[in-house]
Amino acid sequence: MTKPRTYSNDAVFAAFPLGGIGTGTISLGARGDLRDFEIFNHPDKGCKLPFSFFAIHCDTGGKTDARVLESGILPDFNQGRGYHPNRAAGLPHFKKSSLSVRYPLAELRLEDDQFPLEVSLSAFNPFIPLDADDSGIPAVVFRYRVKNSGGKTAKVTVAATMPNIHGFKGFDCFDNYKVEQGCFNTFRKEGNISGIFMDGKGVPSTALRYANNAILTKEKDVSAKSEWRKTGWWDGIYDFWDDFKTGGRLHESGTGTQENKIAPATGAIIGSLAVHKDIAPGKEETFEFVLGWYVPNRVKGWPPYEDDEKEPLIKNYYAVKFTDAWAAGNYLLSNLDRLEEKSKTFAGAVYDSTLPEAVIDAAMSNITALRSTTCFRIEDGTFAAWEGSHEHVGSCMGTCTHVWNYAQTAAFLFPELEKSARLNEFLRETDETGKMNFRTDRLFGRSSWNMLAAADGQMGTIVRAYREWSLTGDDTFLQKIWPKAKLALDYVRLEWDKDGDELLEDRQHNTYDIEFYGVNPLTGIFYLAALAAMEKMAAAMGEDPSVYRSRRETSARRLDEALWNGEYYIQASAGDNIDEHPYQVGKGCLSDQILGQTLAYLTGLGRLLPAEHLKSAAGAIFKHNFKTGPERGPCLQRLYVAEDEAGLVLGSWPKGGKPKLPFVYADEVWTGVEYQAAIDLVYEGLVDEALTIVKTVRDRQDGYRRNPWDEVECGFHYARSLASWGLIPALSGAEYDAVSDTETFKPRIREDDFHCFFSNGRHWGMLHQVKDEKGAFNQKVEILG
């Protein structure tokens, strides 16, 4: 069993995003604070909604205590106006806290020797493989556990406080919250669920900024202050805290619901819901809440535009499922036992495996990118994504094919999402010449992306189409994309192989945002993988696969002859002078040189080039490109790792011949490239080297320099980091045949006693392999979902 890493309250960057696929998230910091409210259909790092906190009151035989359920703020008074009252920074806090995550379940422990009770928190949003709908609920469970180790019965109250988000416009220059007039909060009780619904009339339900939210609970003894006092200045927090610290039970403010009035100074309409329980000596009780949100309308496109509020809108997929935040929270509470059990089963299947700790940490921690604002689903269920997320806007639009080539998480856990993206790429974004736009805009009825086709992205998308079909056995999907897949492959001879020699030598745009000229391993091996995928799909479609097989064999022989330098694959320049075109690789050792082979391994397409050459190339990537700071030399591009940290650079020139202007990003370290290189090392039998890379990446994400649940590249929660999931099928040797519905395994580590999670488009569960006394390996497949 793998024990999750623990982050103490001084790990200032440790913040775990809580939310569903396509819903946005609220992050839980290591202090227990709520931060980064990224629920408004765009990134918003640093967004802290006012008075968003939980608090506890206890009475242990006449001695009372009340405080926020967070450890204290680490002082940062280098601010122009001090801490705004809406941060509640001046209320009593706990001394210490620690956060650990067994994805998707976060565990927070609070400590203070002056507080008479033991307090901890479990927080999660359901995450269930093959069930994207129930993994896409815009609501989060917060369950506080309070234990009374004293000798007297404790009367305990836990309260949840949140602002109304209707018409949220941000903050003014004084850090005051800006919402529309017409907000109102209402206490509700429906069956065994009670809470506060926060809505408004200031913004039409069809508008971009329309929003509502809710606090719900199934607990029996509750009280509420549906709307804090709004009489002036900071009267609301005074009124709430006086009420709460006196006895814990909340009372309505007495001012009534005032739909056309917002609170002066703070600008917020705040509501609090409290749960009350008596805890006998030695006993423990839970206090359970759900926070739900509903921001249904997003810009139909890739904002920002000149005026987003005037742009056409489209609904989020979750807004088709739920009518408002109350409905979403109600669904979560009403189905909580089932949703939590399945989520815990998934977590147990991964964390209780015998995979190395760093592998589990990498695969599970990066799932957060799938649930971040990087990714979303529109009203018909189609999955779309940015490359990453800037602080307040998306980074690099269009479900970029050459970046999403690396990502494996959704393919293995939610193949329906990846299938929807492939359908869009082939049916909308591939024209009659076979050119595929590597960034989608036609999805939203806008003009197509006016740019060169991406050779690596287009060939990789063919391979990923095969992956989606092979994992699901969905013949209807294959039949739909097959005509355009053939056109996409034919485009090779129109644009990249105009002489028809099965080598891509003409101008090739690629993931480094430049063009390679001449034969090179990145696009060349992707082409081999695409031919192998077409061969398999042609057979399934009743067409002659030998055409693709013959082309693949010819291309493989010629590519190996042209690019193999005795140790790894290099670029053959389009001319005698490598500097004829800027930004080339030349004789360099490219970390992505066999990326196409990595994808082929993961999709069951097998080896594309001579085995000894592939193993040597993988070893050379580790030998020459995995370096410490001093070994790396100066970085003249974006810096992602410090001098005292190791990492895998994108390229090096161990045999000389470095161009005057080498390919863009060559000096940089990208975690997604590190993971794909590690995956290939596993397949080539270099497992120790692979694990060295993975452990190095995860050691860097320590909570002090970086967020453990956010690997950045060009933006936060960068999609390329989703390559990390590929480590699981690589180490388990999992291959799935959808036609016969059989999964085979060939573990590449700890073979004598191996236990590991697996998933395909129909099932998920655990593989158990043990070696018996006769030396035979016995396997048992346990289906869990």
The residue that is most open to solvent (accessible area, probe 1.4 Å), considering only those in the stretch 737-767 that are at pLDDT 95 or above and closer than 20 Å to L417 by Cβ, is R762
Note on V770: of the conditions (1) surrounded by fewer than 17 Cβ atoms within 10 Å (Cβ to Cβ); (2) closer than 30 Å to Q593 by Cβ, unmet is (2)
Exception for G604 within (1) under 36 Å from the mean Cα position of the chain (by Cα); (2) more than 23 Å from L727 (Cβ to Cβ); (3) in a loop (DSSP other than H, G, I, E, B) falls at (2)
Counted residues in the stretch 336-348 being farther than 19 Å from L722 by Cβ and either hydroxyl-bearing (S, T, Y) or touching a residue at least 24 places away in the same chain (Cβ under 8 Å) (or both) come to 7
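Would you say P296 is under 22 Å from the mean Cα position of the chain (by Cα) and open to solvent by 60 Å² or more (accessible area, probe 1.4 Å)? Before you say what the answer is, go through the steps one by one.
Details: under 22 Å from the mean Cα position of the chain (by Cα): yes; open to solvent by 60 Å² or more (accessible area, probe 1.4 Å): no.
Considered against the rule, which asks whether it is under 22 Å from the mean Cα position of the chain (by Cα) and open to solvent by 60 Å² or more (accessible area, probe 1.4 Å), P296 comes out as no.
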K220 passes all but one of the listed conditions (1) open to solvent by 60 Å² or more (accessible area, probe 1.4 Å); (2) modelled with pLDDT under 95; the exception is number (2)
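Residues in the stretch 659-667: is at least one part of a loop (DSSP other than H, G, I, E, B), crowded, with 18+ Cβ neighbours inside 10 Å and in contact with a helix residue (DSSP H, G or I) (Cβ under 9 Å, 6 or more places away or on another chain)? Write out each step before concluding.
Step one: filter the stretch 659-667 for residues part of a loop (DSSP other than H, G, I, E, B), giving 659-661, 663-667.
Those left that are additionally crowded, with 18+ Cβ neighbours inside 10 Å: 659, 663, 665-667.
Still in the list and also in contact with a helix residue (DSSP H, G or I) (Cβ under 9 Å, 6 or more places away or on another chain): 659, 667.
Within the stretch 659-667 (the criterion being part of a loop (DSSP other than H, G, I, E, B), crowded, with 18+ Cβ neighbours inside 10 Å and in contact with a helix residue (DSSP H, G or I) (Cβ under 9 Å, 6 or more places away or on another chain)), the answer is yes, since at least one residue qualifies.
Just to be sure before I move on: is A328 part of a strand (DSSP E or B) and either surrounded by 18 or more Cβ atoms within 10 Å (Cβ to Cβ) or in contact with a strand residue (DSSP E or B) (Cβ under 9 Å, 6 or more places away or on another chain) (or both) in the structure I sent? Talk me through it step by step, then tell me what you get.
Values: part of a strand (DSSP E or B): no; either surrounded by 18 or more Cβ atoms within 10 Å (Cβ to Cβ) or in contact with a strand residue (DSSP E or B) (Cβ under 9 Å, 6 or more places away or on another chain) (or both): yes.
Considered against the rule, which asks whether it is part of a strand (DSSP E or B) and either surrounded by 18 or more Cβ atoms within 10 Å (Cβ to Cβ) or in contact with a strand residue (DSSP E or B) (Cβ under 9 Å, 6 or more places away or on another chain) (or both), A328 comes out as no.
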Filter the stretch 338-353 for residues that are open to solvent by 10 Å² or more (accessible area, probe 1.4 Å) and either of a type in the set (S, T, Y) or not in a helix (DSSP H, G or I) (or both); the one that is farthest from D134 (Cα to Cα) is D352
Across the stretch 519-551, the tally of residues that are farther than 13 Å from K486 by Cβ, more than 35 Å from the chain's Cα centre (by Cα) and either basic (K, R) or open to solvent by less than 50 Å² (accessible area, probe 1.4 Å) (or both) stands at 2
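Would you point out which residue out of P116, P129 is surrounded by 20 or more Cβ atoms within 10 Å (Cβ to Cβ), modelled with pLDDT of 95 or more and not in a strand (DSSP E or B)? Can you show your working first?
Details: P116 fails: surrounded by 20 or more Cβ atoms within 10 Å (Cβ to Cβ).
After applying the criteria, what remains is P129.
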Note: among W496, W482, just one is open to solvent by less than 50 Å² (accessible area, probe 1.4 Å), in contact with a strand residue (DSSP E or B) (Cβ under 8 Å, 6 or more places away or on another chain) and hydrophobic (A, V, I, L, M, F, W, C), namely W496
With the first residue restricted to the stretch 351-369 and required to be on the phi < 0 side of the Ramachandran plot, and the second required to be surrounded by fewer than 24 Cβ atoms within 10 Å (Cβ to Cβ) and of a type in the set (D, E), Cβ contacts under 6 Å at 6 or more apart or on different chains are none
| Within the stretch 177-188, can one find any residue that is open to solvent by 10 Å² or more (accessible area, probe 1.4 Å) and either on the phi > 0 side of the Ramachandran plot or among the acidic types (D, E) (or both)? | yes
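Can you tell me how many residues in the stretch 440-451 are over 26 Å from T671 (Cα atoms) and either in a loop (DSSP other than H, G, I, E, B) or of a type in the set (S, T, Y) (or both)?
Pass one, the stretch 440-451, residues over 26 Å from T671 (Cα atoms): 441-451.
Narrowing further to those that are either in a loop (DSSP other than H, G, I, E, B) or of a type in the set (S, T, Y) (or both): 441, 445-451.
Total meeting the criteria: 8.
In the stretch 303-321, how many residues are part of a helix (DSSP H, G or I) and over 24 Å from the mean Cα position of the chain (by Cα)? Before the answer, list the steps.
Keep residues of the stretch 303-321 that are part of a helix (DSSP H, G or I), which gives 308-310, 317-321.
Adding the requirement that they be over 24 Å from the mean Cα position of the chain (by Cα) leaves 308-310.
Qualifying residue count, the stretch 303-321: 3.
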Picked from the stretch 132-166 (must be among the aliphatic types (A, V, I, L, M) and not in a strand (DSSP E or B)), the residue nearest to D380 (Cα to Cα) is A132
The residue from P50, P92 that alone is modelled with pLDDT of 95 or more, over 25 Å from the mean Cα position of the chain (by Cα) and in a loop (DSSP other than H, G, I, E, B) is P92
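Restricting the search to the stretch 691-724, which residues are among the charged types (D, E, K, R) and either within 12 Å of the chain's Cα centre (by Cα) or closer than 27 Å to T354 by Cβ (or both)?
Going through the stretch 691-724, the residues among the charged types (D, E, K, R) turn out to be 695, 698-700, 702, 705-706, 710-711, 713, 720.
The answer is K695, R698, D699, R700, D702, D710, E711, R720.
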Of the candidates K587, K655, K615, the one satisfying the condition of being under 14 Å from Y568 (Cα atoms), open to solvent by 30 Å² or more (accessible area, probe 1.4 Å) and outside any loop (DSSP other than H, G, I, E, B) is K615
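Which residue, of L487, L471, L452, is closer than 22 Å to I578 by Cβ, of a type outside the set (K, R), touching a strand residue (DSSP E or B) at 6+ places or on another chain (Cβ under 8 Å) and open to solvent by 10 Å² or more (accessible area, probe 1.4 Å)?
Working: L487 fails: closer than 22 Å to I578 by Cβ; L471 fails: closer than 22 Å to I578 by Cβ.
Every option except L452 fails the conditions.
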Here the qualifying pairs (Cβ atoms under 8 Å; residues six or more apart or on different chains; first in the stretch 598-614 and without any contact (Cβ under 8 Å) to a residue 60 or more places away in the chain; second open to solvent by 30 Å² or more (accessible area, probe 1.4 Å) and not in a loop (DSSP other than H, G, I, E, B)) come out as H613/W564
Note on the stretch 167-210: residues free of Cβ contacts under 8 Å to residues at least 60 places away in the same chain, within 28 Å of K315 (Cα to Cα) and not in a strand (DSSP E or B) are G167, K169, E180, K201, G202, V203, P204
Log entry, pairs with first residue in the stretch 415-433 being at positive phi, second being open to solvent by 50 Å² or more (accessible area, probe 1.4 Å), beta carbons closer than 8 Å, six or more apart or on different chains, reads none
Looking across the stretch 42-78 at residues that are open to solvent by 70 Å² or more (accessible area, probe 1.4 Å) and free of Cβ contacts under 8 Å to residues at least 12 places away in the same chain, the single one that is farthest from Q114 (Cα to Cα) is N78
(request) Determine if the stretch 622-629 includes at least one residue that is open to solvent by 40 Å² or more (accessible area, probe 1.4 Å), among the polar types (S, T, N, Q), at pLDDT 95 or above and assigned to a helix (DSSP H, G or I). (result) no
Picking from I73, I56, the residue that is touching a Lys or Arg at 6+ places or on another chain (Cβ under 8 Å), assigned to a strand (DSSP E or B) and within 30 Å of A325 (Cβ to Cβ) would be I56
Over the stretch 395-439, the set of residues within 30 Å of A734 (Cβ to Cβ) and part of a loop (DSSP other than H, G, I, E, B) is T399, C400, N405, Y406, A407, Q408, F414, F438
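The values are calculated or read from the model by the stated rules, or taken from the named source; none is laboratory data. Note that the structure is a prediction, hence the values are computed from the model and not measured. Neighbour counts run over all protein chains shown; Cβ positions are idealised from the backbone, glycine included. Accessible surface areas use protein heavy atoms only, side chains included; no ligands, DNA or RNA. Shrake-Rupley method; radii C 1.70, N 1.55, O 1.52, S 1.80 Å.
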